[in-house]
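This report concerns only the one structure given below.
What follows is calculated from the coordinates using simple rules that are stated; it is not laboratory data. Just so it is clear, the model here is predicted, and its values are computed rather than measured. For neighbour counting, all protein chains shown are included, and Cβ atoms are generated from backbone atoms with ideal geometry for every residue, glycine included.
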Amino acid sequence: MQLVWGLATFLAGLNAGILLSGVYERIHMQSVGLSAYLQFHQPRDQLMRRVMPPLLLTLMGLCIVYGLYGPAGPSRSLAWVAFVLVLMDVVLTVRLMVPLNAELQTFDALNPPARAQAVRERWYALHPVRTALGLLAFAVLLISGAP
């Protein structure tokens, strides 16, 4: 079970780091024009559409396994808490972030329409929620394996 916990914690940390990069993106890209933002965001989103589903599904599966078969006591409960946090992230992503990313993909990065700024701002407003969920899931998994 230590391997399951270790892999789950590693993936949760990787997810948290990826999500934090979106927060850093906001800090650094807020001052650049819409065109530069889209030139950065569009290929990043194309990569994340391939990386994040298997990462999050594997993480959720590992949380389930640890929740069912991990050491008796609070570790199992914490694995379920982490699972729920990741599930909330997935629901938020699928329901809100994926449509925003899809819309951002439709804009011409070299000549974006004015409404692209509103989509960008909505993305920036929602992403910290995902980041908080990811960081909490990572912290919960770290705590669940503490001696």
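A few points about this structure:
- Each Lys and Arg adds +1 at its Cβ and each Asp and Glu adds -1 at its Cβ; summed about the Cα centre, the range 41-115 shows a dipole of about 120 debye.
- Peptide ranges 62-74, 26-38 listed from the most packed, as the mean C-beta count within 10 angstrom indicates: 62-74, 26-38
- Among residues other than Ala125 with Cβ under 14 Å from its Cβ, the summed charge is +2 (Lys and Arg +1, Asp and Glu -1).
- In a simple Cβ point-charge model (Lys, Arg +1; Asp, Glu -1; nothing else charged), the chain has a dipole of about 100 debye relative to its Cα centre.
- Label assignment, Cα Rg over 2.2 N^0.38 Å derived from the structure, set [x] 1.62; [y] 2.04; [z] 1.16: [z]
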